[in-house]
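Participant: One structure, as structure tokens, below. Some questions next.
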Amino acid sequence: MLAAILPLFDDHVGVQAYSVFSQRENSFLNSMYGGAAAFDDNTSIEGFEVIQSMGVDTLADGHNIFVPINNVSLFLDIEGQAPEGREKIILLLDTTIPADERFVERVSKLKMEGFQVALRDISIHQIGDYRSLLDLADYLFLDHHKVNIEKAKGPFMRFFPDMKLVAVNVDSQWEFRKLLDMGQFLGGFDLYEGDFFRRPASAGDKELAPLKITYLDLLKVVNQPDFDLADAADVIGKDTALVISLLEMVNRMTVNSNISSIRHAAAMMGQKELKRWINTAVTKELCSDKPSEIMRSSLIRGRFAENLAKPFKIEDKSTELFLMGMFSLLDVILDKPMDEALHGVSVTQEIEDAIMKRQGDLAPVLTLIIEYETASWQEVSRQLVLQNLDMDDVYEAYLEALRWYRALLHEAAQAAES
């Protein structure tokens, strides 16, 4: 199986919800050999597995989670399989679900059980056909590439005034701003989904907000007699902001440092300078806010890349993969062109070639990750075939990255309580 979690944003690029996108079979192989995904043999809700692996609490502060449901999974034991916190789960129904009596009755029952409901891929011409389901819907997903939203938004809001609208496939800052401007006249959308937030100058929070537990751990490590540089480097590697700050400092101290790992950077800095930096620059950040979505994406991307070292048979490059994954969003994090951003941290040529040119041994890993995190399953499936990768290995690498991030937040929460 393949699955990914995508964020949904409000007008101010603040994350308000997440959506699980999943696929059980390798669609590329299915299309090659005439197969089809065997949903009829499936007895579990795919999206629930991802939520349980990461934890509803990890997805944050009251945020809702959209879980895709089709005409088969609608009649599975949704009530029994749902993770704790079902009031945060929104069942995202697709157009395989007809608006006939049996299906409407099932959706009504789920609503009474406390689930919210969303519909997607409904056009303005289908309002009449889907009226009974639309009356039950809390959200409606509209693809502005397929639907003339200027024409569609008015009728939907007139017939269903309490329903929230989600603009999906918003893949550029220009599209996002256009929808915002349109919203001034049409009432606006409630949520936006797409890759626009990963574009430079669109990250929302320009300041990185590191994890509090990372700072506490660092202070504890470096204030011990003769602390281990490797231990300090491993703690620094848990936080994107600290890694960037460390590499920028090392780059100012040396020429052509060609840093290959966080441990390498810490060793070049040395105990004395590393301790001084941590005790001054880090202590004042202990009250920073929670990580932004870009930081979350950067950390998960880095860990995902590191986990893929074994499936790609390049285990000796795991540290480089971590930096490559994390810094593949560096232009957004620093709000600078990528070449300028990479110059500031002075990574190895191999990492730079992978990010800037998609060349070298590391590049195929980054290509797969970028397609994976946007749930481009057809292309992901093709990459699995090209790279001779096992789908389950890749899925487990992603789930482990989610669990790893969840552990970071859990440690942060414990530290805040102590």
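Participant: Can you list the helices (runs of 4 or more DSSP H) found entirely within the range 336-377 that contain at least 3 residues being more than 21 Å from His264 (Cα to Cα) and modelled with pLDDT of 95 or more?
Facilitator: Working: elements: 338-345, 349-357, 363-373.
Because the criterion is at least 3 residues that are more than 21 Å from His264 (Cα to Cα) and modelled with pLDDT of 95 or more, the helices (runs of 4 or more DSSP H) in the range 336-377 that meet it are 363-373.
Participant: List pairs: first in the range 94-106 and of a type outside the set (A, V, I, L, M, F, W, C), second in a helix (DSSP H, G or I), Cβ under 7 Å, 6+ apart or cross-chain?
Facilitator: Correct list of pairs: Arg106/Leu74; Arg106/Phe75.
Participant: When the range 120-149 is examined, which residues are found to be touching a Phe, Trp or Tyr at 6+ places or on another chain (Cβ under 9 Å), over 25 Å from Lys88 (Cβ atoms) and assigned to a loop (DSSP other than H, G, I, E, B)?
Facilitator: Passing the criteria: only Ile127.
Participant: Scan the range 387-408 for residues that are touching a Pro at 6+ places or on another chain (Cβ under 8 Å) and assigned to a helix (DSSP H, G or I) and jot them down.
Facilitator: Matches in the range 387-408: Asp393, Val394, Ala397.
Participant: Right, another one. Report yes if some residue within the range 172-180 is touching a Pro at 6+ places or on another chain (Cβ under 9 Å), assigned to a helix (DSSP H, G or I), surrounded by fewer than 20 Cβ atoms within 10 Å (Cβ to Cβ) and not β-branched (Val, Ile, Thr); otherwise report no.
Facilitator: There is at least one residue in the range 172-180 that is touching a Pro at 6+ places or on another chain (Cβ under 9 Å), assigned to a helix (DSSP H, G or I), surrounded by fewer than 20 Cβ atoms within 10 Å (Cβ to Cβ) and not β-branched (Val, Ile, Thr).
Participant: What's the total number of residues in the range 100-119 that are in a loop (DSSP other than H, G, I, E, B) and in contact with a Lys or Arg (Cβ under 7 Å, 6 or more places away or on another chain)?
Facilitator: Total satisfying the criteria: 2.
Participant: Taking the range 7-29 as the region of interest, how many residues are at pLDDT 90 or above and either among the aliphatic types (A, V, I, L, M) or outside the structural domain of Tyr139 (by TED's automatic domain parsing) (or both)?
Facilitator: Going through the range 7-29 one residue at a time, the tally reaches 2.
Participant: Taking the residues in the range 95-105 that are out of contact with any helix residue (DSSP H, G or I) (no Cβ under 6 Å at 6 or more places or on another chain) and either among the β-branched types (Val, Ile, Thr) or surrounded by 15 or more Cβ atoms within 10 Å (Cβ to Cβ) (or both) as candidates, determine which candidate is farthest from Gly154 (Cα to Cα).
Facilitator: Among those residues, the one meeting the criterion is Phe103.
Participant: Does Ala137 satisfy the condition of being farther than 23 Å from His12 by Cβ, crowded, with 20+ Cβ neighbours inside 10 Å and out of contact with any Pro (no Cβ under 9 Å at 6 or more places or on another chain)?
Facilitator: Taking the combined requirement at face value, the residue satisfies it.
The values are calculated or read from the model by the stated rules, or taken from the named source; none is laboratory data. Keep in mind it's a predicted model, so treat the numbers as computed, not measured. We place every Cβ from the backbone using ideal geometry, glycine too, and count neighbours over all the protein chains shown.
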